Amino acid sequence: MKRKVIVIGIGAGNPDYLTVQAIDALNRASVLFIPNKGSGKAGLATLRREICERFIRGHDYRMVDFDTPPRAKPSSDYPQSVETWRDAVERVYERLLIEELGDDEEGAFLVWGDPSIYDGTLRILESIGAKDDIELDYEVVPGISSVQALAARHKVALNRIGESIMITTGRRLADGFPDDAGSVTVMLDAKNAFASVDGELDIHWGAYVGTEDEILVAGKLREVCGEIERARAAAREKHGWIMDSYILSKPEDTAED
């Protein structure tokens, strides 16, 4: 039996960010897989449920909750630790597809932001589909990423004239601001890497962008760095999780031509 799955980008946390295509996909799915990432991140599952309740109309469906394997503690071999974690998640996904999807049913994974930007769902499904014991057909519905939402809320562009758009992680930024970039967008920064970056830089930072919990800070990095660190700590303490990103850029008059 061929399993059919839709990977739906549901935006950066604001239900209004869902596209018409995403809403149509939700109304096609028979089974919606809802991950449980622990009590500290229960709000993420709640938001997924609220999205389904708001947009699915006149369509029978069921939700299947599942526990997501916890991430291993950071190690010196980061790529290997990620692969080990994804292998564990893959086994969970494979079980869900085999046990929870019946004949003529279509499953859906609801992915924050856009499935193509720092999310492992597509690689996991590709790996499952390559196995001989399961036939898998999946499609991808793009979503509004936190990067897009952040730029919109701050009313700034991601690129300089004639330059590429660079998106990286806090882990990479910790090695220093890229020499050949005038602007860089940073995601997945759990350790405030921006605080250690040298140079005269502007920052546009945002957390829970587009939601009622939204926090926005912009200014000279050295002047607002402490404010952002305090805001991050308070928000994580309050919500149990934080979803943030930021744009670092050289002032226009000092950027290289």
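The values are calculated or read from the model by the stated rules, or taken from the named source; none is laboratory data. Here the structure is a predicted model, which means the values were calculated and not measured. Cβ: placed from backbone, ideal geometry, glycine included. Neighbour counts: every protein chain shown. Quick note on the areas: whole protein, heavy atoms, side chains included, nothing else; ligands and nucleic acids left out. Shrake-Rupley method; radii C 1.70, N 1.55, O 1.52, S 1.80 Å.
State all residues of the range 193-219 that are within 28 Å of residue 120 (Cβ to Cβ), open to solvent by 30 Å² or more (accessible area, probe 1.4 Å) and assigned to a loop (DSSP other than H, G, I, E, B); if no residue qualifies, say none.
211, 213, 214 - these are the residues of the range 193-219 that are within 28 Å of residue 120 (Cβ to Cβ), open to solvent by 30 Å² or more (accessible area, probe 1.4 Å) and assigned to a loop (DSSP other than H, G, I, E, B).
For every residue, the table says whether it meets (1) open to solvent by 30 Å² or more (accessible area, probe 1.4 Å); (2) in a helix (DSSP H, G or I).
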position	(1), (2)
104	yes, no
125	no, yes
137	yes, no
148	yes, yes
159	yes, no
165	yes, no
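Just name the residue that is modelled with the lowest pLDDT out of those in the range 96-129 that are out of contact with any Leu (no Cβ under 9 Å at 6 or more places or on another chain) and small (Gly, Ala, Ser).
This residue is 102.
Sort out which residues of the range 218-257 are of a type in the set (Phe, Trp, Tyr) and modelled with pLDDT under 95, and write them in order of number.
241 - this is the single residue of the range 218-257 that is of a type in the set (Phe, Trp, Tyr) and modelled with pLDDT under 95.
Looking at residue 182, is it surrounded by 20 or more Cβ atoms within 10 Å (Cβ to Cβ) and either at pLDDT 95 or above or closer than 30 Å to residue 219 by Cβ (or both)?
yes
Working carefully through the options 84, 46, find the one that is under 19 Å from the mean Cα position of the chain (by Cα), of a type in the set (Ser, Thr, Tyr) and open to solvent by 50 Å² or more (accessible area, probe 1.4 Å).
46
Need the failing condition index for residue 7 against (1) over 21 Å from residue 129 (Cα atoms); (2) open to solvent by less than 40 Å² (accessible area, probe 1.4 Å); (3) within 16 Å of the chain's Cα centre (by Cα); (4) among the hydrophobic types (A, V, I, L, M, F, W, C), just the number.
Evaluating residue 7 over (1) over 21 Å from residue 129 (Cα atoms); (2) open to solvent by less than 40 Å² (accessible area, probe 1.4 Å); (3) within 16 Å of the chain's Cα centre (by Cα); (4) among the hydrophobic types (A, V, I, L, M, F, W, C) leaves (1) as the failure.
Here are some conditions: (1) open to solvent by 20 Å² or more (accessible area, probe 1.4 Å); (2) small (Gly, Ala, Ser); (3) closer than 23 Å to residue 42 by Cα. Residue 245 meets all but one. Which one does it not meet?
Tallying (1) open to solvent by 20 Å² or more (accessible area, probe 1.4 Å); (2) small (Gly, Ala, Ser); (3) closer than 23 Å to residue 42 by Cα, residue 245 fails exactly one: (1).
Which one of these is more than 26 Å from residue 9 (Cα to Cα), of a type in the set (Lys, Arg), outside any loop (DSSP other than H, G, I, E, B) and out of contact with any Pro (no Cβ under 8 Å at 6 or more places or on another chain): 222, 172?
Matching residue, one of 222, 172: 222.
Going through the range 42-84 one residue at a time, which ones are assigned to a loop (DSSP other than H, G, I, E, B), in contact with a helix residue (DSSP H, G or I) (Cβ under 6 Å, 6 or more places away or on another chain) and modelled with pLDDT of 85 or more?
Scanning the range 42-84 gives 56, 69.
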